[in-house]
Amino acid sequence: MPPICSEKSKNTRTAIKLEKVMQIWTSQATAAGLPLSNSILQLKGIEFAKLLNIEDQLKCTNGLIYRFKLQNDLQRVHFSGEANSSPLETLP
């Protein structure tokens, strides 16, 4: 599967690095139970692009986020604040 950033990035290796960093971060965030909205993913993409010095080569558009979510099997999930804060020991 081609990297999601390749059409906007001049350097495919850097785009692949960005995608890997985003995959690792989203895995850690979902494991920690953090909700991931499109805007959070866009902000993190921009933040990581700056760290990789490719912010001028990348447009973190809704389409890019949509493709990233599809390729990484991320879905929109609604969390209830009460249910999210329950200790695991008390759950049946």
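Take P2 and decide whether it is outside any helix (DSSP H, G or I), surrounded by fewer than 14 Cβ atoms within 10 Å (Cβ to Cβ) and modelled with pLDDT of 75 or more. Step through it out loud before you land on a result.
On the way: outside any helix (DSSP H, G or I): yes; surrounded by fewer than 14 Cβ atoms within 10 Å (Cβ to Cβ): yes; modelled with pLDDT of 75 or more: no.
Against the criterion (outside any helix (DSSP H, G or I), surrounded by fewer than 14 Cβ atoms within 10 Å (Cβ to Cβ) and modelled with pLDDT of 75 or more), P2 does not qualify.
Evaluate the following for E19: is it modelled with pLDDT of 90 or more, acidic (D, E), in a helix (DSSP H, G or I) and surrounded by 12 or more Cβ atoms within 10 Å (Cβ to Cβ)? Outline the logic, then answer.
Numbers: modelled with pLDDT of 90 or more: no; acidic (D, E): yes; in a helix (DSSP H, G or I): yes; surrounded by 12 or more Cβ atoms within 10 Å (Cβ to Cβ): yes.
No: the conditions fail for E19.
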Just need a number here: residues in the stretch 53-71 that are surrounded by 17 or more Cβ atoms within 10 Å (Cβ to Cβ) and either touching a strand residue (DSSP E or B) at 6+ places or on another chain (Cβ under 8 Å) or outside any helix (DSSP H, G or I) (or both). 3
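The values are calculated or read from the model by the stated rules, or taken from the named source; none is laboratory data. Not measured: the values here are computed from a predicted model. Cβ atoms come from the backbone with ideal geometry, glycine included; neighbour counts cover every protein chain shown.
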